[in-house]
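Reviewing the structure listed below.
The values are calculated or read from the model by the stated rules, or taken from the named source; none is laboratory data. From a predicted model like this one, the values you see are computed outputs, not experimental measurements. Neighbour counts run over all protein chains shown; Cβ positions are idealised from the backbone, glycine included. Heavy atoms of the whole protein, side chains included, go into the accessibility calculation; ligands, DNA and RNA do not. Shrake-Rupley method; radii C 1.70, N 1.55, O 1.52, S 1.80 Å.
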Amino acid sequence: MNLNKLKNLNKREKYAVYAASGLIAFFILIQVIISPIINKKERLTRTLQAKTKILEEMRILQSEYGIIGEKAGLSKKRFEERRKDFTLFSFLDRLADKSGIKNHIAYMKPSTSAREKSGYKVSKVEMKLQSITLKQLTSYLYGVETSKNIVSIKRISIVKTGIKEEYVNAVLQIETVEI
């Protein structure tokens, strides 16, 4: 707009032009300066929240890692304390004798499978116990699970026998890790 034309406008029109110019300048100020600052603050707030969440997850993982490390150390210590001539089959056989159920063993099937890339092998024994009481079975299971030989029961199947009500048959799959 030409300045000569602006001088020709009456007072009310001049105020309207000044007000419009002021609004345009204010809008440009908001778009160019204030809006980017607000957007950057919002972006930083979102980034901070995301980083805080990641940090919390990392702390949880660190705690879990520490627990796993402690368990691994305990397992390694137990593994090293185990007799060098330990075999799962003989351990289960001795425990059955000690628990008084050796005569109730129908079969014991040992097997071994190697774990790739670990250098360890998993030794398993599937055994069937016939006509034993729940008390005898419980005593035997307790002996297996509380052993310091890192032995665990992977599967168990218990069926009542038709002989007497308190007798059961059980098929157990027990395993351990060996070198």
Could you state the angle between the C-alpha long axis of helix 88-99 and the longest principal axis of the C-alpha atoms of the chain, as a value from 0 to 90 degrees rounded to the nearest 10? 60
Mind jotting down a quarter of the surface of the convex hull over the alpha carbons of the chain, in square nanometres, one decimal? 23.4
I'm checking a number: the convex hull volume of the Cα atoms of the stretch 44-113, normalised per residue, in Å³. What is it? 176
Need one number: nm distance between label points at ARG155 and ILE33, each 7 Å from Cα along Cα→Cβ, rounded to one decimal. 7.6
Can you tally the net charge around GLU175? Count Lys and Arg as +1, Asp and Glu as -1, for every other residue whose Cβ sits under 14 Å from the Cβ of GLU175. +3
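What is the local net charge at HIS104, summed over the other residues whose Cβ is closer than 14 Å to its Cβ (Lys, Arg +1; Asp, Glu -1)? Numbers along the way, then the final one.
Values: positive: LYS98, LYS102, LYS128, LYS135, LYS164; negative: ASP93, ASP97, GLU166.
Summing Lys/Arg as +1 and Asp/Glu as -1 gives +2.
How large, in percent, is the carbon and sulfur part of the accessible surface of the chain at a probe radius of 1.4 Å? All intermediate terms of the calculation are to be shown ahead of the outcome.
On the way: 7990 of 13900 Å².
Percent of accessible area from carbon and sulfur atoms in the chain: 57.
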Between 0 and 90 degrees, rounded to the nearest ten: what's the tilt of helix 134-145 against the longest Cα principal axis of the chain? 60
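If you add up the charges near GLN62, with Lys and Arg at +1 and Asp and Glu at -1, over every other residue whose beta carbon is less than 14 angstrom from its beta carbon, what do you get? The partial results should precede the final answer.
Numbers: positive: ARG59; negative: GLU56, GLU57, GLU64, GLU70.
Here the count lands on -3.
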What helix-only [θ] at 222 nm does the chain give? Using -39500 (n - 2.57) per DSSP H run of at least 4, over all residues, to the nearest 500, the answer is -18000 deg cm²/dmol
Mind putting a number on the dipole of the chain about its Cα centre? Charges go on the C-beta only, +1 for Lys and Arg and -1 for Asp and Glu, and I need it in Debye to the nearest 20. 1060
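Which value, in Å², gives the accessible area per residue of the chain when a 1.4 Å probe is used on the protein heavy atoms? If you can, show how the numbers build up before the last one.
Details: 13900 Å² over 179 residues.
Accessible area per residue, the chain: 78 Å².
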Just to verify a number: FRET efficiency for ARG78 and LYS109, C-beta to C-beta distance, R0 = 25 Å, to 0.05? 0.45
